[in-house]
Each structure stands twice: as C-alpha cells, then as structure tokens.
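**Q** This is the structure I have questions about; it appears just below.
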There are 2 protein chains.
Amino acid sequence: MSYLEKFDQAVGLSKPAADALSKLFGSRFQTAQAVRDHHGRDESPYPLMAPDAVVHAHSTEEVSALMKLASAHRFPVIPYGAGSSVEGQILAIRGGISLDLSQMDQVIEVHADDMTATVQAGVRRLALNESVRHAGLFFPVDPGADATVGGMCATRASGTNAVRYGTMRENVLAMTVVLADGRVLKVGTRARKSSAGYDLTRLLIGSEGTLGVITEVTLRLHPLPMAVSAAVCTFPSVQHAVQTAIEIMQSGIPIARCELLDANAVKAVNRHDRLQLREAPMLLMEFHGSESGVHEQAELVETLAQDNGGSAFDWATAPEDRSRLWTARHHAYLAALQTRPGCRSVTTDACVPISELAHNIDAAVSDADAAGIPYFIVGHVGDGNFHVGYLIDPDSQHERDQAERLSHDLVKRAIACAGTCTGEHGIGLHKMEFLIEETGDDAVSVMAAVKRALDPLDLLNPGKIFVGA
Amino acid sequence: MSYLEKFDQAVGLSKPAADALSKLFGSRFQTAQAVRDHHGRDESPYPLMAPDAVVHAHSTEEVSALMKLASAHRFPVIPYGAGSSVEGQILAIRGGISLDLSQMDQVIEVHADDMTATVQAGVRRLALNESVRHAGLFFPVDPGADATVGGMCATRASGTNAVRYGTMRENVLAMTVVLADGRVLKVGTRARKSSAGYDLTRLLIGSEGTLGVITEVTLRLHPLPMAVSAAVCTFPSVQHAVQTAIEIMQSGIPIARCELLDANAVKAVNRHDRLQLREAPMLLMEFHGSESGVHEQAELVETLAQDNGGSAFDWATAPEDRSRLWTARHHAYLAALQTRPGCRSVTTDACVPISELAHNIDAAVSDADAAGIPYFIVGHVGDGNFHVGYLIDPDSQHERDQAERLSHDLVKRAIACAGTCTGEHGIGLHKMEFLIEETGDDAVSVMAAVKRALDPLDLLNPGKIFVGA
C-alpha cells in the first residue's frame, strides 16, 4: 500500500475564511509551519499531513462560532486533543483547520455524592484523576497515552481497566457537542441510565470527530477500591499466559486488570523504565475489592496460573511498586519504539471472543516470526484485545508492505471468528477497508447516511472511517 | 390531555398490499378483529388502536421481504414482541401491519466459553435464562414483564439487576437488523468491545422499532454467582429506605439488586402472592459473590440500614425463598393493578442522580397524597430509577388529567436535577413532550434527521418518540 495515495488533495483555506478566523480568534489562529506540522501527525506511521491552520478554542461558544464559519466558507475542521491517535485520525487529508481543544482543560464540577465529573474536552486523563482522588474516586479508562477526555470519547477508548470497569462507552453519561452547522447539543443526563430517545451519546462516542465536536463530557467515576493488589506472573509461552487469562475470565473472577506482555515487550520496558522483570511472557494483573476479597481473588488466580506453568508469581501490594509496574506498562509502546531508533509502529488492535484469543495470538506470533520483522505484543487479554506492534522503518516500502500484510492477515483471522479489527483505537484512515470487511457495505453505507444527515457539507474530519459520505 | 387526539388517522392497507401479504405469509397474515385488537394495545392506559393486519414472521428473510413490500406499498410496520411496553410503543396510530416476532423464539447458539448467546428476537427472558442455566450462566436484564429480547433491545430495558450488571445498552454485543428498505445489517461482533465505526448497535438499542426491525441478538451472559443472598429490610419511611440505598451506592458495595417498595406496593404484593411481608417501606436487596464476599457485603449493608432506622433485617438464603421474593417483586405492577379493579396505571419512570433521589421521591409522595389518587411506588433505587404508578379509572377524564399532571410535575423535577424522564420504559407516545423538555429541540431534530436517513418513507413505527420525522 502506498500511504495516502488514495486520499484527496487538500482544498486549502480561502483568504476570506482566513481573515474571518483571524478576526475571531486573534493570535489563537495560527498558520506558522511548526504549529501546523505539530498538528499534522499522530502516532500512526503515516507521513505528515498538516492542516492549513490551527485554532485553539477556549469555549463551546467559540467552537460553535468556528463551525458557523466553516459552514459559510466550507473548510474542513478536525478536532484535536493530545495528538495521540494511532490510526491517522487527526491527519488533515483535505486541509482545513485543526481545532485544538487542549486549552479547554477545566474540571467544571465534581459531584462526589453521585460519582460524576463534568469536564471540558481538553482535560487529560491523569489530570482528571488527580482532581478527583481527594474525593476517594477515580476514572478507570486509561489508554496508553495521557489522552484528552474528548479524544478518548471520539475513539471509544478503553485500556487496562476495561475488563472490570468498561470503556468510554460505559463511562460517559452526557456530553455537550457542537454540530457541523454550529448548533450546540446537550445529550445524555447525569442519571446512570436512560431510555429517552436515540442514544446520541453512544452515537458520538467513537465517531472520531466526524459527527460533532465534543466540548464537555460528564463522566461516571468509581470509588477507589478499599484494597488493591497487583501481581506479575511469567509463563513458558505466550499461549500459557493467554490460557490463564481465559480461565480467569471464565471463572467469573472480577479481576480489575489482566494484561499480557510478550518477552519483547518486557525487554523494552525493562530498558525504558529500568526494571528487572524476568524477560518472558508475562501477565500483569490487578485485583480491587475489600482486603479479604482481593486476597480471595488472588489466591484463585495464583492456582490457575500455576496450573498453566506460571512461575515467579510476584506480589506488589505497596502503592509505589504497583505504580512503577503500571507506569511501565503504559510506557510499553514508547519503550518498544526505542528498541529500533527511527522506527514507527504499525499497531494491530484486534479484539476477539475470549475462547478464540489463544489461537489468534499464536498465529500472529508465527507469522511475525516467519516474516522476521521486529515486533512486540501487549494485550488487554481479559477483554480479548491484543496489540501486535510491527516496528518498521517508515522509509522502507518493503517493510511497510510486510507490516500491512501481517496486519491484514491478523484482522482477517479476527473477523473470521466473530471478532473486530479494532478494540479501542478506532478506524481513522488505516482501517477503512477492514471496517467494510468486518461489518459489510450496507452497515458502512448506513454510517455514511448518518454522517450526511448530521454533516451534509462533510466539514467534520472528512474522509475518516469511511470514504464518500 | 385527551388521549390520542393529537395522533394521525390510520391510513389503512390497500387491496394490492393485502393481497401481496396474503400471498407471502398465507395464514400467518391475519386480519381477524380479535387478532388485530390483541396487537393494538400494550400496558399503557391508551385505548385500543389496532393495526390493519398482523403478520407472524419466522425468519430474518421474511422480515426483509415484508419491509420490501412495505416500501413498495407504503404501509407502516410496527414490530411486536410480547406487547408489554408501557408507553404506547406498539399502538398502530397510523394503521399498517403489526409485525409479530414472538414465533422467532429459537436460541441459536450459546458460547459458554465466551459467555455469549445468540437468539432470535422473539425469545423471552425467562426462556433464555432457562436455556443457559445448565452452563452456569445467566442473562441479568429483567424488566417486570417476561418480555422478548427484541423488545428489551428496542426500549433499552433494564430492571432489578442493572445496578450491578448494566442495562441492554451494556449487555448486547451484536444484532441482525432489517432496515426499512429490506436490507439486512449485521452490527457489532462477539468481542467484548470494539471501536469499529459508528455504534449502530447502541443506536438501534432504544430506537423503539423506528429505525429497523431487530431479528437476532447476541447477548453478553454472566456466570451464575458462587453465592447469593437476599435480604429484606423495612424502614419507618420511604426517605429512610432511600437514604440507605444512597449510602450503599456511595460506599461502593457491589450490590446486585437494590429495590424499593413503598407500603402500598408491599400490601399489593402480599395480597397477590400470599406473602406476609411487613407492610412498610422496604428495601429488597440481593448480594452476589463468593461466600465470604456476600457475607461481607451484607454485613456492611445491615449496618447502614440500622443507622437509618431499618428494622426486621431478614435474610433469604434458600433459593426457593429468594425466588418467591423476586417473583413477588416482578408481580408488583400486576398486583397493584388488582387493588383497584378495572384500573390502568399511569406509570412514571424518572431516573435521577443518586444524591437527588430522596427529595424527588419525597415530593412525588407528597403530591400524590395531596391529590388523593391511589398510587404505589417501586424503584430500582440503586440506579436512581423509580416508578410511581397512579392507578386511574381509564374512563375518568378527571383522573387521567390528574395523573398526567402529577406525572409531568415529577418529570419536571427530575429534569431540573439533571435526571431523565425515562430510565427504562422509553418514550413511545406518552413522553414525546418530556423528551423535548429533557434534551431540547435541537437534539430531537437530530434524532429525526437520523430517522429520515434510515427510514425516509417513515414506515417503521411512525409517530413514536418524536412527531414529524
């Protein structure tokens, strides 16, 4: 595949549009090359595709005014949070404005009694957790990067806690959204559930900036568990580790985190975070509950692990030890990139029914080994979600082709066993063909019909998820 | 309000359409008055509004063929499951066909290893649970009626277990859906999570038959808990009971069920199910987990209850005692109807943030007492969801007006504190104006735009949720 050759050319920003934006946003309307370049690339291996200009918005009203200008002047608008998407979501394939929401970073209100927080879309997940910890609460969704809440909504993000606490799908109660024509919607309420009409909240979660600009989000928080315990266990093979994860899930143990790292990932993490983990396939687990509940869960899991050849079952009950382990886990992606200087990662994101996980990962390992391409594997295996990162030289057409072929084969296997091509990263530019393979032309045409209904001028992040809205 | 005066007149079914249907469905195309009448009324207080004919479908292909006929001949189609909706969802306000899916009642496959089941839309919840129990699994969503899975999807149903296990929103993985033009979509996968494009699954859940006909559903099952314990506790007032529920939730206790019954509901249930429960405001609770986990949860809850004046904290650990209690709870609605022969219930369904629950219920009680109208209250109070059933003589305009006024005041209070007019029953005919009050004209117009995009001829359950698609 020749990257980006299939995409349209940028349409550019007209002089009157630029003048109007400059008048409205002053110095927060920026066209400097460095700023544009910073907004024209994410964590995907795609080359730079810069917007014509960048706008930093400070309020829902400003976003609404911007969208009215976009409607009048017909320029694309790409919502931008932390730039940590991995499928090319934020690339300006048709030019236009990168709408940076990162300065909308206020926690608006925390209702500790109701365990909800309402935040601006630019709040990042670590800052959010910092701001609610004093109330004995936390927000569980934790993608690898310190992403913004708005971006996490847009890609339907999850992370290491999803096996117990769910993804953004389950943890967003309400949102303020600006439509393509500038209208401001409030969708959802602070109630835990609702049957009031179409679920516009869930429609917008995972819409990758194509249906509306999310400016405020009301989140469901969770009580910090009374007791927490983390454990590390290494296995003779990836398969043994995965089999253990499958048995944990099938036993109904309410495990809070259940992460797989292959030996390559452990090696990378050891080097990056100066750890001394045994460099073998590993499960990194966490248990939440009461003191006795955590103890009970851990005992059951230790037995299952030992029956699958698990050894070196190590406990980390001290908060600083746990924190070091999970920080290392969150660094795995960056740590792996550093094992091959200058590389980019083509990262798969398949998610399959749990009983299909072992053979899917096994086939991926065999294929990657046979291809001789450097790779690492991490997985939220309790959910059936795993990432193979193929570490390629982005300048090598051969390596790009090889990684794409491996990735496509992996996706085909996942789809064949009723899984999905993406558990948490979204479609972006990269998985548009996979989406059609997974759900069919008709379902994608329904998505496109919804897009046309909400954004008839195709202004919002055009050309993502599907072509030809 | 004069019931139904605002609705359009039925358009009738043309002779060519009737002939085509008769040819396609033979004796499963029925126009007998008794059959039509049976399909023209639900559990709402609305008078009969019968369809022109009833079709019993046996397959997705038949539903597709029916929708193609509907497109060609322009007649409305109203999907019908068990007829247990409570907001007038299935009334044929514009005539057309009632599409009865109750004979599509096959459990297609159970993947015990993955804890999923794929069923036809006409499978009922009790039959579903019967068919997966041998695998040590259960499906938690339990609306009062023995509804069909398709109907439960269509209204985004929940019930007594939602506080721990979620609603249909969280427990549906995939669906087969027939669109208005007869195309068949498969949405979702058997993976636990996905970020693959717009969440059409969640868009269809809660769409009340207006966007597509759900013919098959893949559900997420849960392991039967190792230990279960139920408890009944009575309180000096509804407020004391609600305060206890609030504190349980705020403590993070993973309670599986937390139901409120007011003294009127307890009285009705005692009579209907020959029980001897103390006729006072009551919490009916259930705990799931390991033996020790259940014990621990129950101890914490007993302490909280006692601090709020709770007495007679009775345990039901024997399965038959628990079953008797929960069966009685599920009969509460019918039991209440029997306290006033010939009555219908105008049933509210507000759901509010948990900290707002006490004052909302308190105000509802005061208003109902002041009005002197017979009523009962049941509530999934762990979720902030409560139902006041006003038991009216359907022939009395005065009582209907009175109940609607009380209901509207109750909804206004719920919306004012960031709650919703419906936690689990949906909008139907009854709450269309409340939906606008809750989410605003713009959000409802976006819903209507989505409807037009998917069903441009307005064939599927027209005139429900919002007017003027």
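**Q** Within region B:176-206, work out how many residues are touching a residue at least 60 places away in the same chain (Cβ under 8 Å) and facing another protein chain (nearest Cβ under 8 Å).
**A** Matching residues across region B:176-206 total 6.
**Q** Scan region A:401-414 and report the pairs whose first residue is closer than 14 Å to A:LEU357 by Cα and whose second residue is of a type in the set (Gly, Ala, Ser) and assigned to a helix (DSSP H, G or I), with Cβ atoms within less than 6 Å and a gap of 6+ or a chain change.
**A** Listed pairs, sorted by first residue: A:LEU410/A:ALA364; A:ARG413/A:ALA363.
**Q** Of everything in region B:361-380, what is of a type in the set (A, V, I, L, M) and assigned to a loop (DSSP other than H, G, I, E, B)? Give them in sequence order.
**A** The answer is B:ILE373, and nothing else.
**Q** State all residues of region A:291-333 that are among the hydrophobic types (A, V, I, L, M, F, W, C), modelled with pLDDT of 90 or more and touching a helix residue (DSSP H, G or I) at 6+ places or on another chain (Cβ under 7 Å); if no residue qualifies, say none.
**A** Correct list: A:VAL301, A:LEU304, A:ALA305, A:ALA332.
**Q** Go through B:VAL228, B:VAL123 for me and flag whichever is of a type in the set (Val, Ile, Thr) and at pLDDT below 95.
**A** None of the other options fit; the residue is B:VAL228.
Each row is one residue, and each column tells you yes or no for (1) touching a Leu at 6+ places or on another chain (Cβ under 6 Å); (2) facing chain B (nearest Cβ under 9 Å); (3) of a type in the set (Asp, Glu).
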position	(1), (2), (3)
A:ARG413	no, no, no
A:THR420	no, yes, no
A:GLU438	no, yes, yes
A:ASP442	yes, yes, yes
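**Q** Among the residues of region A:310-362, what is the count of those that are closer than 17 Å to A:VAL242 by Cβ, in contact with a Leu (Cβ under 7 Å, 6 or more places away or on another chain) and of a type in the set (S, T, N, Q)?
**A** 1
**Q** Mind listing whichever residues of region B:236-258 are open to solvent by less than 10 Å² (accessible area, probe 1.4 Å) and not aliphatic (A, V, I, L, M)?
**A** B:THR244, B:CYS258
**Q** Restricting to region A:177-199, and then to whatever is open to solvent by 10 Å² or more (accessible area, probe 1.4 Å) and outside any loop (DSSP other than H, G, I, E, B), can you tell me which residue is farthest from A:ALA57 (Cα to Cα)?
**A** A:GLY188
**Q** For region B:245-287, which positions are in contact with a strand residue (DSSP E or B) (Cβ under 6 Å, 6 or more places away or on another chain) and polar (S, T, N, Q)?
**A** B:ASN264
**Q** Next question. Restricted to region B:31-51, and to residues that are in contact (Cβ under 8 Å) with a residue 24 or more places away in the chain and of a type in the set (Gly, Ala, Ser), which residue is surrounded by the most Cβ atoms within 10 Å (Cβ to Cβ)?
**A** Out of the qualifying residues, it is B:GLY40.
**Q** Moving on. I'd like to verify a number: residues in region B:52-76 that are over 27 Å from B:VAL119 (Cα atoms), surrounded by 20 or more Cβ atoms within 10 Å (Cβ to Cβ) and without any contact (Cβ under 8 Å) to a residue 60 or more places away in the chain, how many?
**A** 1
**Q** Related question: So how many residues does region A:77-114 have that are more than 19 Å from the chain's Cα centre (by Cα), crowded, with 24+ Cβ neighbours inside 10 Å and within 14 Å of another protein chain (Cβ to nearest Cβ)?
**A** 1
**Q** Also: Which condition number does B:HIS425 fail, the rest of (1) facing another protein chain (nearest Cβ under 8 Å); (2) more than 20 Å from the chain's Cα centre (by Cα); (3) in a loop (DSSP other than H, G, I, E, B) being met?
**A** Unmet condition: (2).
**Q** In region B:58-83, what residues are touching a strand residue (DSSP E or B) at 6+ places or on another chain (Cβ under 6 Å) and within 30 Å of B:HIS331 (Cα to Cα)?
**A** Of everything in region B:58-83, those that are touching a strand residue (DSSP E or B) at 6+ places or on another chain (Cβ under 6 Å) and within 30 Å of B:HIS331 (Cα to Cα) turn out to be B:ILE78, B:PRO79, B:TYR80, B:GLY81, B:ALA82.
**Q** So, one more: Restricting the search to region A:276-299, which residues are over 17 Å from A:PRO140 (Cβ atoms) and under 23 Å from the mean Cα position of the chain (by Cα)?
**A** Those that are over 17 Å from A:PRO140 (Cβ atoms) and under 23 Å from the mean Cα position of the chain (by Cα): A:MET282, A:LEU283.
**Q** Which of (1) within 14 Å of chain B (Cβ to nearest Cβ); (2) on the phi < 0 side of the Ramachandran plot is the odd one out, the single condition A:GLY289 does not satisfy?
**A** Checking A:GLY289 against (1) within 14 Å of chain B (Cβ to nearest Cβ); (2) on the phi < 0 side of the Ramachandran plot, the one that fails is (2).
**Q** Sticking with this one: Out of curiosity, is B:ALA265 in a helix (DSSP H, G or I), at pLDDT 95 or above, open to solvent by less than 30 Å² (accessible area, probe 1.4 Å) and more than 26 Å from A:MET249 (Cα to Cα)?
**A** Here the answer is yes, as B:ALA265 does meet what is asked.
**Q** Also, I was wondering about something else. Being among the hydrophobic types (A, V, I, L, M, F, W, C), assigned to a helix (DSSP H, G or I) and open to solvent by 10 Å² or more (accessible area, probe 1.4 Å) is the filter here; which residues of region B:449-469 pass it?
**A** The answer is B:ALA449, B:ALA453, B:LEU454.
**Q** Another one. Could you tell me how many of the residues in region B:363-374 are in contact (Cβ under 8 Å) with a residue 12 or more places away in the chain and under 21 Å from B:GLN243 (Cβ atoms)?
**A** Total meeting the criteria: 5.
**Q** Return only the number of the condition from (1) out of contact with any His (no Cβ under 9 Å at 6 or more places or on another chain); (2) at pLDDT below 95 that A:SER355 does not satisfy.
**A** (1)
**Q** If you don't mind, there's one more thing I want to ask. Can you find a residue in region A:381-401 that is more than 30 Å from A:THR244 (Cα to Cα), part of a helix (DSSP H, G or I) and touching a strand residue (DSSP E or B) at 6+ places or on another chain (Cβ under 7 Å)?
**A** Among the residues of region A:381-401, at least one is more than 30 Å from A:THR244 (Cα to Cα), part of a helix (DSSP H, G or I) and touching a strand residue (DSSP E or B) at 6+ places or on another chain (Cβ under 7 Å), which makes the answer yes.
**Q** Give me the pairs: first residue in region B:209-229 and farther than 18 Å from B:GLY122 by Cα and in a loop (DSSP other than H, G, I, E, B), second residue of a type in the set (Ser, Thr, Tyr) and open to solvent by 10 Å² or more (accessible area, probe 1.4 Å), beta-carbon distance under 8 Å, and six or more apart or on different chains, which are they?
**A** Cβ pairs passing all conditions: B:MET226/B:SER290.
**Q** Let me spell it out: the conditions are (1) at pLDDT 95 or above; (2) in contact with a helix residue (DSSP H, G or I) (Cβ under 9 Å, 6 or more places away or on another chain), and A:ARG133 meets all of them except one. Which number is the exception?
**A** (2)
Residue by residue, here is whether (1) modelled with pLDDT of 95 or more; (2) surrounded by fewer than 23 Cβ atoms within 10 Å (Cβ to Cβ) holds:
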{"residue": "A:ALA371", "(1), (2)": "yes, yes"}
{"residue": "A:HIS380", "(1), (2)": "yes, no"}
{"residue": "A:PHE386", "(1), (2)": "yes, no"}
{"residue": "A:ASP395", "(1), (2)": "no, yes"}
{"residue": "A:HIS398", "(1), (2)": "yes, yes"}
{"residue": "A:ALA418", "(1), (2)": "yes, yes"}
{"residue": "A:GLU424", "(1), (2)": "yes, no"}
{"residue": "A:LYS431", "(1), (2)": "yes, no"}
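**Q** Please state which one of A:GLU43, A:GLU61 is assigned to a loop (DSSP other than H, G, I, E, B) and closer than 23 Å to A:GLY150 by Cβ.
**A** The unique qualifying residue is A:GLU43.
The values are calculated or read from the model by the stated rules, or taken from the named source; none is laboratory data. Everything numeric here is computed off the predicted structure, so don't read it as measured data. Positions of Cβ are backbone-derived with ideal geometry, glycine not excepted, and every protein chain shown enters the neighbour counts. Surface accessibility is based on the protein's heavy atoms, side chains included, excluding ligands, DNA and RNA. Shrake-Rupley method; radii C 1.70, N 1.55, O 1.52, S 1.80 Å.
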